[in-house]
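The values are calculated or read from the model by the stated rules, or taken from the named source; none is laboratory data. Remember, it's a predicted structure, so these values are computed and weren't measured experimentally. Here the Cβ positions follow ideal geometry from the backbone for every residue, glycine too, while neighbour counts run over all protein chains shown.
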Amino acid sequence: MFCPYSLTVPGGVQAQVLGLAEEMRGRGHEVRVLGPCDGPPPTTYVTPLGNSLPTAANGSIAPLAPDPSAALRTIRAVRDEGFDVWHLHEPLAPGPTLTALTLHSRPIVGTFHAAGRSSSYRYLAPVLRRLVRRVDLGVAVSPDARALVRGYLGGEYEVLFNGVSVPPRPSDLEDDGRSHLLFLGRHEERKGLEVLLRAFDRLERGSATYGRPVLDIVGDGPDTARLRGEYSDPDRFRWHGRVSEETKWRLLWGAEVLCAPALRGESFGVVLLEGMASGATVVASDIDGYRNVATDGRDALLVPPGSVERLDEALRAALIDGELRNRLRVAGLERASAFAMSALADAYIERYHRLLNRSLPN
């Protein structure tokens, strides 16, 4: 399984790759994950292919490894290992996945995650169309992701939604008596953190109605220093930086509300599913990618992207209206259960076997 993004940097694709590999390995399948790593690999079954280089992509900065040394490490790794199937996540991203696609010496499953806009698809379409034909089985994580790649490059792609892995809930969680709201994501304009900070700042301070709420902010990015300087009250804004998976889930389990205020460019709402699975009430932007997961008023509150006023109203409703909050939580838990990583692993394993049987000589 190939990942183009640094496996030591938190990210949605990285989490899917590692979670899927872990689920498959737990069933006895031999899975190795190949990708860049900035530091020690996160687990023993990861083959590191060198450090990443921050690269502008899809309105964000992606930790890719497009350098020749990473390509050489990729070539050596696939020649040394007798893999039956290569599963490339974001096959056309510069780095290990594109190298493997170019080699194409094994059956290839390609999973496309990106949605929204793609300058590389637009300007490099003639070249990428030839490369994408090397994908033997194309998968997209959402209808929006499928529309992006098919619109520019053609081809057929089935949709397999992302999965969510939920660790066991620890017994030593503490309750400080305050309402906690949680943001998980990169600190950049596209993720909408500044919109959330402005909306949270409008909440009545010290109101007995929702008891001095706290905003826990996880992640980092180009806007961190500026936003942290503007919203620095440690009693209301708690900046955690990058955290481990264990810490992330402890924050999720302690949160009353998980807020995902992204403005655009989200192909799928894994972070929403994590919030639902933890029992938090989900408040998110009403964008195409998030509507793959959540339905406004049924299992989440969805608001127009970029609207500070509407986000403020939704946060207040989630904090004040206990009946609404509990109804959304119950529906959210049920919704998250439909996206278990175990079901996604089943789907991919079936497709691996199908692809291998197709490639066997008659």
request  = Give segment 98-132 a look and list any residue that's surrounded by fewer than 20 Cβ atoms within 10 Å (Cβ to Cβ), part of a helix (DSSP H, G or I) and of a type in the set (S, T, Y), or say none.
outcome  = T102, S119, S120, Y121, Y123
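Tell me, which residue of segment 1-50 that is among the basic types (K, R) and assigned to a loop (DSSP other than H, G, I, E, B) is farthest from R73 (Cα to Cα)? If you could, list the steps in order and put the result at the bottom.
Let us first name the residues in segment 1-50 that are among the basic types (K, R), namely 25, 27, 32.
Still in the list and also assigned to a loop (DSSP other than H, G, I, E, B): 27, 32.
On the way: R27: 28, R32: 14 Å.
Selected residue: R27.
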key: Odd one out for H87, checked against (1) surrounded by fewer than 21 Cβ atoms within 10 Å (Cβ to Cβ); (2) of a type outside the set (D, E); (3) outside any loop (DSSP other than H, G, I, E, B)   = (1)
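Within segment 287-304, identify whether any single residue is among the basic types (K, R), at pLDDT below 95 and over 21 Å from D175 (Cβ atoms), and answer yes or no. Outline the logic, then answer.
Here is the first cut: in segment 287-304, the ones among the basic types (K, R) are 291, 298.
Adding the requirement that they be at pLDDT below 95 leaves 291.
Retained after the next criterion (residues that are over 21 Å from D175 (Cβ atoms)): 291.
Among the residues of segment 287-304, at least one is among the basic types (K, R), at pLDDT below 95 and over 21 Å from D175 (Cβ atoms), which makes the answer yes.
Which residues, taken from segment 229-250, are assigned to a helix (DSSP H, G or I) and in contact with a helix residue (DSSP H, G or I) (Cβ under 9 Å, 6 or more places away or on another chain)?
Keep residues of segment 229-250 that are assigned to a helix (DSSP H, G or I), which gives 229-230, 245-250.
Matches in segment 229-250: E230, E245, K248, W249.
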key: Complete set of residues in segment 22-73 that are among the aromatic types (F, W, Y) and modelled with pLDDT under 95   = none
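Taking segment 75-98 as the region of interest, how many residues are hydrophobic (A, V, I, L, M, F, W, C) and farther than 23 Å from V127 by Cβ?
Our first condition is that a residue be hydrophobic (A, V, I, L, M, F, W, C); within segment 75-98, this holds for 75, 77-78, 83, 85-86, 88, 92-93, 98.
After this cut, where a residue has to be farther than 23 Å from V127 by Cβ as well, the list is 77, 83, 85.
Qualifying residue count for the region: 3.
Does L258 satisfy the criteria of being surrounded by fewer than 17 Cβ atoms within 10 Å (Cβ to Cβ) and modelled with pLDDT of 95 or more? Step through it out loud before you land on a result.
Values: surrounded by fewer than 17 Cβ atoms within 10 Å (Cβ to Cβ): no; modelled with pLDDT of 95 or more: yes.
Judged against the criteria, L258 is not a match.
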remark   = Matching residues in segment 59-73 (within 14 Å of Y5 (Cβ to Cβ) and surrounded by 20 or more Cβ atoms within 10 Å (Cβ to Cβ)) number 5
task = Kindly indicate whether any position in segment 133-152 is of a type in the set (S, T, Y), farther than 20 Å from V271 by Cα, in the same structural domain as R354 (by TED's automatic domain parsing) and in a loop (DSSP other than H, G, I, E, B).
result = no
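Can you tell me which residue in segment 338-357 is nearest to the chain's Cα centre (by Cα), limited to those that are part of a helix (DSSP H, G or I) and of a type in the set (A, V, I, L, M)?
M341
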query = Where in segment 262-326 are the helices (runs of 4 or more DSSP H), entirely inside, with at least 1 residues that are among the small types (G, A, S) and closer than 24 Å to L203 by Cα?
reply = 270-278, 308-320
remark   = Among residues of segment 173-206 being outside any loop (DSSP other than H, G, I, E, B) and without any contact (Cβ under 8 Å) to a residue 60 or more places away in the chain, the residue nearest to the chain's Cα centre (by Cα) is E194
request  = Out of S285, S278, S342, report the one residue that is buried (at least 18 other Cβ atoms within 10 Å of the Cβ), touching a helix residue (DSSP H, G or I) at 6+ places or on another chain (Cβ under 7 Å) and polar (S, T, N, Q).
outcome  = S278
request  = Would you please list the contacts, defined by Cβ atoms under 6 Å and residues six or more apart or on different chains, that run from a residue in segment 77-102 that is of a type in the set (F, W, Y) and modelled with pLDDT of 95 or more to a residue that is buried (at least 24 other Cβ atoms within 10 Å of the Cβ) and assigned to a helix (DSSP H, G or I)?
outcome  = W86/A100
ask   = Are there any pairs with C-beta distances below 7 angstrom linking a residue in segment 300-325 that is in the same structural domain as L272 (by TED's automatic domain parsing) to a residue that is basic (K, R), with the two at least 6 apart or on different chains, and if so which?
value = V303/R310; P304/R310; P305/R264; V308/R198; D312/R202; A318/R325
ask   = If we scan segment 226-233, do we find a residue that is under 25 Å from L333 (Cα atoms), out of contact with any Ser or Thr (no Cβ under 6 Å at 6 or more places or on another chain) and free of Cβ contacts under 8 Å to residues at least 12 places away in the same chain?
value = no
